[in-house]
Amino acid sequence: METVHVALEGRAYDVVIGQGLLAQASDYLRPLLKRARVAIVTDETVAAHHLTTLQSSFDADGIAYCTLILPAGETTKGWPEFARTVEWLVEERIERRDIVIALGGGVIGDLVGFAAAVLRRGVRFVQIPTTLLAQVDSSVGGKTGINSRHGKNLIGAFHQPSLVLADIDTLTTLPRRDLLAGYGEVVKYGLLGDLAFFSWLESNTAAILNREPSALLYAVRRSVEMKAEIVVRDETEQGDRALLNLGHTFCHALEAATGYSARLLHGEGVAIGCALAFSVSAKLGLCSQEDPSRVDAHLIEMGMKRRLADIQGDLPDADALLDLMAQDKKVQDGKLTFIMAHGIGQAFVTQDVPRDVVHAVLVEALAEMA
């Protein structure tokens, strides 16, 4: 069991990481409750695996609950299911002093967090992330929101959870593809700010792929530590927090290009985006030519998607992808913000990236699909 404290003044909370936390959930939530009642929102896939364990914990402790089960998948993260969730919480008479629980991956966490942010102008919520991606990234830091037809995560709010329970036992039920997609966010932390962590990941490939608890516990803990440190410095992404978007400008464009479908999972897009970011950095002379090769070699060893050619089906041309990138939240005064790198573990934020260089890298990457 490990605990990472997110030390935001007035909004501090703990991220508890370990095994068997779902079965012990009532022990952690009871001190937060003003009355013995919670609202649980999850999706169909997660409900089949984990909902009964969570509910049994509350039953044993005399905590009442109501439950909403949404469809699984990225398409849930839009206006229709968001409106359904908010209206359901109102119908269930959830009050400001109550707690809403997000049980699931990043889609559920983001949507439920946003619903909690706007319900009665803000109610408390608890994240219980059940995917690797959600445990290391989306459940921590208070970014909540839904997608628009114009782009990903364009509608939302900063709303910090009251607690995060990351039960690594839930990762045993993840399909291999989803585990690897989550790993896209894990490797991102090493690439953006911790060469030693990246080196550890290189040395522990087999342990992570085999889901050894000790390896997963360290990978999740270190990722959460790094995110917490950045969030405390820059909660609302005015500066340093943008570093967490390494690979995401490319990723969000690719997700839009694939219709937010199962063709490309978010973490897969992050991994491809990180590889592209290092390719652009090398082309600009910011990092050595060996760095993109090292990144690529590790992604190959993990069996991950790493190139545009790994995405099934057709993609738009380089100009169209650049247009999709222009809808990114980090655009300022019409200029794209990129996360580039001076080397592995040395990422930085810049708007000084020539469009023609990005265009050339995309053209090269698309040519591999032919």
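The values are calculated or read from the model by the stated rules, or taken from the named source; none is laboratory data. Quick caveat: nothing in here was measured; it's all calculated off a predicted structure. With ideal geometry, Cβ positions are generated from the backbone for all residues, glycine too; neighbour counts draw on all protein chains shown.
Residues checked against (1) hydrophobic (A, V, I, L, M, F, W, C); (2) in the same structural domain as Ala196 (by TED's automatic domain parsing); (3) surrounded by 14 or more Cβ atoms within 10 Å (Cβ to Cβ):
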{"position": "Gln289", "(1), (2), (3)": "no, yes, no"}
{"position": "Val295", "(1), (2), (3)": "yes, yes, yes"}
{"position": "Gln312", "(1), (2), (3)": "no, yes, no"}
{"position": "Pro316", "(1), (2), (3)": "no, yes, yes"}
{"position": "Leu322", "(1), (2), (3)": "yes, yes, yes"}
{"position": "Met340", "(1), (2), (3)": "yes, yes, yes"}
{"position": "Gln346", "(1), (2), (3)": "no, yes, yes"}
{"position": "Pro354", "(1), (2), (3)": "no, yes, no"}
{"position": "Leu362", "(1), (2), (3)": "yes, yes, yes"}
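For the structure I just gave you, tell me whether Gly285 is under 17 Å from Val186 (Cβ atoms), of a type outside the set (A, V, I, L, M) and assigned by TED's automatic domain parsing to the domain that holds His248.
Answer is no for this residue.
Which of the numbered conditions does Ser223 fail, given that it passes all the others? Conditions: (1) part of a helix (DSSP H, G or I); (2) in contact with a His (Cβ under 8 Å, 6 or more places away or on another chain).
Unmet condition: (2).
Within the stretch 39-66, work out how many residues are in a strand (DSSP E or B) and closer than 21 Å to Gly20 by Cβ.
3
Going by what's in this entry, would Gly273 be described as assigned by TED's automatic domain parsing to the domain that holds Leu243 and either part of a helix (DSSP H, G or I) or touching a Gly at 6+ places or on another chain (Cβ under 6 Å) (or both)?
yes
Tell me, please, whether a residue that is among the aromatic types (Phe, Trp, Tyr), touching a residue at least 12 places away in the same chain (Cβ under 8 Å) and in a helix (DSSP H, G or I) can be found in the stretch 101-117.
Among the residues of the stretch 101-117, at least one is among the aromatic types (Phe, Trp, Tyr), touching a residue at least 12 places away in the same chain (Cβ under 8 Å) and in a helix (DSSP H, G or I), which makes the answer yes.
Just to be sure I understand the filter: pairs with C-beta atoms under 6 Å, separated by 6 or more residues or on different chains, first member in the stretch 121-141 and more than 18 Å from Val231 (Cα to Cα) and not assigned by TED's automatic domain parsing to the domain that holds Lys227, second member in a loop (DSSP other than H, G, I, E, B) and of a type in the set (Lys, Arg). Which pairs pass?
Hits for this filter: Val123/Arg96.
Do you know which residues across the stretch 58-90 are buried (at least 20 other Cβ atoms within 10 Å of the Cβ) and polar (S, T, N, Q)?
Of everything in the stretch 58-90, those that are buried (at least 20 other Cβ atoms within 10 Å of the Cβ) and polar (S, T, N, Q) turn out to be Thr76, Thr85.
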